[in-house]
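Chemist: Shown below is the structure under consideration.
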Amino acid sequence: DDYEIEAGLRYDHLARTASIVRRDFLRLVRSGQIAEDGCGALGTQTDPIACASSFHTISASLVGLVRFSPGWSAKLDLSTASRPPNPDEQYLNGTAPSFPVLGLGRPGLRPETTYSASVTASYTGSRIGGELSAYTNVIDDYIYFAPAVGPDGRPIFDVLIRGAFPRFTTRPVDALFYGADGSVTAMPWTWLEVGGQASLVRARNLTDDTYLAFVPPDRARAQVTAIGRGVFGLDRVTAMLAGHAVARQTRFDLAADLAPPPDAFFLAEAAIGAETRVAGQVVKVALSGTNLFGARYREYTSLLRYFADQPG
């Protein structure tokens, strides 16, 4: 009852065939993503062209959990896992209205392999609970989608019939991710619940010894919920107020990106909800609002941040 140990081992084999219309295959050839005789297409008039991929991956984990008391526990997790590239990461070539860059995949990508360690401390009491985790991930052949940079150190732009688009490429790099996450929930009275969460992550491109682009900045969220008794035939009436603060990402390499990270921002949220019963079934109704003060902001992890604010 005081401890648990869990170990796991898993093997996966993925065989996949991408059927590519010949016109699109020739675009991959012209952009240098694939050889003219790739997928056995040279000298044939096959349409579509079948490009086959095969991946072998292994995952393993070792987890230990110790309970120091009825409320306190700690967990150590050591694991490794691999992820094959998806078809977009291999064969992407183009733009879209909601994808405002020229994306180029890499057909020869190998699976990315993560070696991770994390430690978590948890407490669960009658009126308060919380959890704090710290982690480190070393990733071999991390599948990195980021702006392409030319020999002169400047971003590459492609001029298409629809306009000029920054070129983004998919490429493997070795990467290091580490950070921490925490949350706490308290219920000082039966009618009031207070909670908060915070997270931070750090990342480096070990291949080029630079910061990785599109790594989420530090963020925190606080929430207060009031819980009321039934009113007007409704049960468990709740009212919630929350604030979400996102810092400006200060760990970036402008030479590896198109623009500096956007400013920090704060979003206010609110919601009211209730439960009732209809024909013996529980029905929940709610009205919620986000960004109540109409803040203009841009998410660092969004490709649209180069051109426009977030919707809403």
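Chemist: Using just the helices of the chain, give the 222 nm mean residue ellipticity in deg cm²/dmol: DSSP H runs with n ≥ 4 each add -39,500 (n - 2.57), and the total is spread over all residues, rounded to 500.
Modeler: -1000 deg cm²/dmol
Chemist: Determine by what factor the alpha-carbon radius of gyration of the range 26-162 differs from 2.2 N^0.38 Å, reporting the quotient. Mind showing how you got there, number by number?
Modeler: Numbers: Rg = 22.8 Å, N = 137, 2.2 N^0.38 = 14.3 Å.
Computed over Cα atoms of the range 26-162, the ratio equals 1.60.
Chemist: Compute for the range 64-122: radius of gyration divided by Kirkwood radius, i.e. Rg/Rh, restricted to C-alpha atoms, rounded to two decimals.
Modeler: That ratio is 1.33, to two decimals.
Chemist: How would you order 257-264, 138-145 from highest to lowest mean count of nearby Cβ atoms within 10 Å?
Modeler: 138-145, 257-264
Chemist: Here's a follow-up. Ignoring solvent entirely, what values of log10 I(q)/I(0) come out of the Debye formula for the range 209-267 at 0.20 Å⁻¹ when each Cα is a single scatterer?
Modeler: So the normalised log intensities work out to -0.79.
Chemist: Starting from the Kirkwood radius over alpha-carbon pairs of the range 220-312, derive D by Stokes-Einstein at 37 °C in a medium of 0.692 mPa s and give it in µm² s⁻¹.
Modeler: Using the Kirkwood radius from Cα pairs, D works out to 204 µm²/s.
Chemist: May I pose another question? Rounded to the nearest whole Å², what accessible area per residue is found for the range 22-179 with the 1.4 Å probe?
Modeler: Per-residue value: 55 Å².
Chemist: May I ask for the Kirkwood hydrodynamic radius of the range 43-84, worked out over all distinct Cα pairs and given in angstroms to one decimal?
Modeler: This gives a value of 15.0 Å.
Chemist: Given a Förster radius of 41 Å and the C-beta distance between Tyr123 and His56 as r, what FRET efficiency does 1/(1 + (r/R0)^6) yield to the nearest 0.05?
Modeler: Calculated transfer efficiency: 0.50.
Chemist: Which order do the peptides 76-85, 273-282, 233-242 come out in when sorted by mean C-beta neighbours inside 10 angstrom, highest first?
Modeler: Going from most to least packed, we get 76-85, 233-242, 273-282.
Chemist: Given Cα positions, please report Rg to Rh for the range 117-270, the hydrodynamic radius being the Kirkwood one.
Modeler: 1.14
Chemist: Rounded to whole Hz and in sequence order, give me ³J(HN,Hα) for the range 152-166 from the Karplus expression 6.51 cos²θ - 1.76 cosθ + 1.60, θ = phi - 60°, writing x for Gly and Pro.
Modeler: Whole-Hz 3J(HN,Hα) from phi for the range 152-166: 7, x, 10, x, 9, 10, 10, 9, 10, 5, 8, x, 9, 10, x.
Chemist: So what are the chain's ellipsoid semi-axes, whole angstrom, largest first, if each one is the square root of 5 times an eigenvalue of the alpha-carbon gyration tensor?
Modeler: 43, 27, 22
Chemist: Quick check: pseudo-label points 7 Å beyond the Cα along Cα→Cβ at Gln197 and Val282, how many nm apart are they?
Modeler: 2.1 nm
Chemist: Anyone know which of Tyr123, Tyr91, Tyr11 comes out most mobile in the 10 Å Cα GNM of the chain?
Modeler: Top of the fluctuation ranking is Tyr11.
Chemist: Given contacts defined as C-alpha pairs under 8 Å and at least six residues apart, what's the relative contact order of the chain, whole-number percent?
Modeler: Working: 723 pairs, mean separation 32.6, N = 312.
RCO, the chain: 10 percent.
Chemist: Based only on Cα atoms, what Rg/Rh ratio does the range 93-184 have, Rh being taken as Kirkwood's radius? Each step should come with its number before you reach the end.
Modeler: Working: Rg = 20.1 Å, Rh = 16.6 Å.
Here Rg/Rh amounts to 1.21.
Chemist: Further, regarding this structure: In whole Å, how far is the Cα centre of the range 168-217 from that of the range 1-62?
Modeler: Taking the Cα centre of each part, the range 168-217 and the range 1-62 sit 29 Å apart.
Chemist: Additional query: Determine the shape class of the range 1-67: with a ≥ b ≥ c the square roots of the Cα gyration tensor eigenvalues, call it rounded for a/c under 1.5, and otherwise prolate if a/b is greater than b/c, oblate otherwise.
Modeler: prolate
Chemist: How large, in percent, is the carbon and sulfur part of the accessible surface of the chain at a probe radius of 1.4 Å? Intermediate values should be presented prior to the final figure.
Modeler: Working: 10710 of 18490 Å².
The C+S portion of the solvent-accessible surface of the chain is 58 percent.
The values are calculated or read from the model by the stated rules, or taken from the named source; none is laboratory data. If you're wondering where the values come from, they're calculated on a predicted model, not measured in any experiment. In this analysis, Cβ positions are derived from the backbone assuming ideal geometry, glycine residues included, and neighbour counts consider all displayed protein chains. SASA here: full protein model, heavy atoms, side chains in, ligands and nucleic acids out. Shrake-Rupley method; radii C 1.70, N 1.55, O 1.52, S 1.80 Å.
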